[in-house]
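Heads up, the thing below is written out as structure tokens.
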């Protein structure tokens, strides 16, 4: 396979990825969209481009989500009161 053909195929695959990613986040809030795009394997630069923000903002949102998840895992569950 020649380099030119490989580049053309690669470009078309990249366009398909963008199309699928764009459709997968329609109607989602930016924070949720960032999470979904990460789950499908996109890097923070591409996520930021699709969500309309900066890569730094994506990193901050991911860090915040990680902290929320850790905090909720640490919360003790309230004890149920026994019925008499």
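The values are calculated or read from the model by the stated rules, or taken from the named source; none is laboratory data. Quick caveat, the model's predicted, so the values are computed rather than measured. FYI the Cβ positions are ideal-geometry reconstructions off the backbone, even for glycines, and counts take in every protein chain you see.
If I go through segment 45-57 residue by residue, how many of them are in contact with a helix residue (DSSP H, G or I) (Cβ under 8 Å, 6 or more places away or on another chain), within 16 Å of residue 22 (Cβ to Cβ) and in a helix (DSSP H, G or I)?
Going through segment 45-57 one residue at a time, the tally reaches 6.
Closer than 26 Å to residue 14 by Cβ and not in a helix (DSSP H, G or I): does that describe residue 42?
yes
Looking at 4, 39, can you tell me which residue is modelled with pLDDT under 95, under 29 Å from residue 68 (Cα atoms) and surrounded by fewer than 10 Cβ atoms within 10 Å (Cβ to Cβ)?
Exactly one of 4, 39 is modelled with pLDDT under 95, under 29 Å from residue 68 (Cα atoms) and surrounded by fewer than 10 Cβ atoms within 10 Å (Cβ to Cβ), namely 39.
Hey, can you tell me all the residues within segment 10-28 that are surrounded by 11 or more Cβ atoms within 10 Å (Cβ to Cβ), at pLDDT 95 or above and part of a helix (DSSP H, G or I)?
Selection gives nothing.
With the checklist (1) in a loop (DSSP other than H, G, I, E, B); (2) modelled with pLDDT under 95; (3) surrounded by 10 or more Cβ atoms within 10 Å (Cβ to Cβ) in hand, flag the one item residue 66 doesn't pass.
(1)
Please verify whether segment 69-82 includes one or more residues that are within 10 Å of the chain's Cα centre (by Cα) and without any contact (Cβ under 8 Å) to a residue 24 or more places away in the chain. I'd like the intermediate steps shown before the answer.
Of the residues in segment 69-82, the ones within 10 Å of the chain's Cα centre (by Cα) are none.
No: zero hits.
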